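These notes are about the structure you will find just below.
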């Protein structure tokens with residue numbers, strides 16, 4: 001069939017218009033979907049950044065093995081911020097200059113607090129894996145930012161309820177914390193939850209004054225003596241990192257573990273506790289964020305199996321699962337939306353609930369905070385176990401009943 005010049009010109013114009021109107025994801029079948037991961041890949045917080053990296057890489061491998069996102073491979077682009085906010089911002093600007101528009105950051109809250117405002121009125125999307133700072137989804141709320149982590153409020157209110165329900169005869173409680181306000185707040189959330197839960201059972205709790213110490217103090221003999229002389233049979237340990245491990249070792253030498261029936265710990269992880277197994281108490285409750293053994297979720301088992309190899313430990317960090325699920329949230333939204341612009345992706349992430357390693361990946365629409373399942377474990381020293389530790393019980397409960405109300409654009413004051 002012959003065509004005149006006007007028909008050819010019109011045909012070309014129509015084809016070009018169709019190409020422009022076509023969603024970009026349909027025009028770039030061969031291009032990888034690049035997701036920028038900004039985390040602490042070196043420095044004092046490297047152990048957390050490595051967990052995010054491992055989780056993101058496992059997710060990309062699983063997605064690509066299943067055919068990618070509509071045939072497109074997922075590629076993780078790494079940037080190291082050394083847990084320093086200025087480097088986080090620099091990494092973001094570097095990645096956006098190269099065309100990256102989907103991001104994962106965390107788990108250090110301070111870096112995400114610095115990063116989140118930069119996404120306002122952009123075509124970029126951030127799923128922050130691990131930070132629990134309240135401001136991210138309250139006064140700093142940004143529709144382009146999702147937080148895949150619970151805040152301290154539901155976690156430690158839930159922990160207090162579980163511990164009190166499991167041990168209603170332990171009614172004398174005391175806590176030790178560093179003098180950072182965030183740790184003091186979460187300590188009080190836990191202790192108030194214990195008191196409230198016991199009251200519902202008709203038991204009057206005796207909550208002693210919180211014992212405070214300096215962060216990085218190293219010598220906890222005096223605070224331990226205060227804990228021991230209080231008569232409390234339940235102790236909350238709100239110390240973190242090396243301070244927490246030092247506390248347990250010194251507490252063991254003072255015989256505190258013989259006087260206290262139940263310990264609750266804000267941040268104990270099995271990998272670290274295995275290094276001091278002989279100083280670990282017999283009963284410790286903690287929120288690991290992810291505990292795969294015994295989890296009926298097959299994705300959790302797949303991710304755990306890969307994480308054990310990549311992290312070279314039988315106790316991979318929960319941040320691995322959170323970073324994995326952040327990649328899944330982005331990839332599944334791209335599949336559903338059929339386009340890769342923020343306006344198309346955001347409502348899909350708000351409404352979808354794809355299954356991840358930690359369970360359904362669900363965000364509260366009003367403020368984009370994660371509203372998934374909370375996991376708590378009870379573990380303790382067991383000389384007969386391979387690593388000297390044994391997990392005695394796992395409890396999983398929904399987070400929504402314990403969450404603070406949404407206040408997007410406004411601060412939320414812990415009561």
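The values are calculated or read from the model by the stated rules, or taken from the named source; none is laboratory data. Note that the coordinates shown come from a computational prediction; the quantities given were computed from them, not determined experimentally. Quick reminder, even Gly has a Cβ in these numbers, built from the backbone with ideal geometry, and neighbours come from all protein chains shown.
Values as computed for the structure displayed
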read-out: Residue ID - surrounded by the fewest Cβ atoms within 10 Å (Cβ to Cβ), chosen from residues in the range 185-220 that are assigned to a helix (DSSP H, G or I) and at pLDDT below 95; value: 185
read-out: Residue in the range 254-263 that is touching a strand residue (DSSP E or B) at 6+ places or on another chain (Cβ under 6 Å), under 27 Å from residue 304 (Cα atoms) and buried (at least 19 other Cβ atoms within 10 Å of the Cβ) present; value: yes
read-out: Tally of residues being assigned to a loop (DSSP other than H, G, I, E, B) and over 22 Å from residue 192 (Cβ atoms) across the range 372-415; value: 11
read-out: Options 168, 154: the member that is in a loop (DSSP other than H, G, I, E, B), touching a helix residue (DSSP H, G or I) at 6+ places or on another chain (Cβ under 8 Å) and at pLDDT 95 or above; value: 168
read-out: Test: residue in the range 250-257 that is in a helix (DSSP H, G or I), at pLDDT below 95, closer than 23 Å to residue 392 by Cα and not assigned by TED's automatic domain parsing to the domain that holds residue 48; value: yes
read-out: Within the range 335-354, considering residues that are modelled with pLDDT of 95 or more and buried (at least 21 other Cβ atoms within 10 Å of the Cβ), the one nearest to residue 151 (Cα to Cα); value: 349
read-out: Residue in the range 118-129 that is on the phi > 0 side of the Ramachandran plot and out of contact with any helix residue (DSSP H, G or I) (no Cβ under 9 Å at 6 or more places or on another chain) present; value: yes
read-out: Some residue of the range 232-248 being over 29 Å from residue 413 (Cα atoms), assigned to a loop (DSSP other than H, G, I, E, B), under 29 Å from the mean Cα position of the chain (by Cα) and modelled with pLDDT under 95; value: no
read-out: Inter-residue pairs, beta-carbon under 9 Å, first on the phi > 0 side of the Ramachandran plot and in the range 58-73, second in a loop (DSSP other than H, G, I, E, B), 6+ apart; value: 68/32; 70/29; 70/338; 71/29; 71/30
read-out: Filter result for the condition that a residue is at pLDDT 95 or above and under 16 Å from the mean Cα position of the chain (by Cα), over 362, 393; value: 362
read-out: Some residue of the range 289-302 being modelled with pLDDT under 95, at positive phi and crowded, with 22+ Cβ neighbours inside 10 Å; value: yes
read-out: Positions within the range 118-151 being under 16 Å from the mean Cα position of the chain (by Cα), under 22 Å from residue 53 (Cα atoms) and part of a helix (DSSP H, G or I), in sequence order; value: 136
read-out: Residue 306 being assigned to a helix (DSSP H, G or I) and under 26 Å from residue 186 (Cβ atoms); value: no
read-out: The listed residue being outside the structural domain of residue 281 (by TED's automatic domain parsing), touching a residue at least 24 places away in the same chain (Cβ under 8 Å), buried (at least 19 other Cβ atoms within 10 Å of the Cβ) and in contact with a strand residue (DSSP E or B) (Cβ under 7 Å, 6 or more places away or on another chain), out of 357, 323, 381; value: 323
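One line per residue, one yes/no per condition, for (1) at pLDDT below 60; (2) surrounded by 11 or more Cβ atoms within 10 Å (Cβ to Cβ); (3) in contact with a helix residue (DSSP H, G or I) (Cβ under 9 Å, 6 or more places away or on another chain):
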position: 3; (1), (2), (3): yes, no, yes
position: 22; (1), (2), (3): yes, yes, no
position: 28; (1), (2), (3): yes, yes, no
position: 33; (1), (2), (3): no, yes, yes
position: 39; (1), (2), (3): no, yes, yes
position: 46; (1), (2), (3): no, yes, no
position: 49; (1), (2), (3): no, yes, yes
position: 58; (1), (2), (3): no, yes, yes
position: 67; (1), (2), (3): no, no, no
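Quick grid of which residues meet (1) over 19 Å from the mean Cα position of the chain (by Cα); (2) under 16 Å from residue 356 (Cα atoms):
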position	(1), (2)
47	no, no
55	no, yes
59	no, yes
64	yes, yes
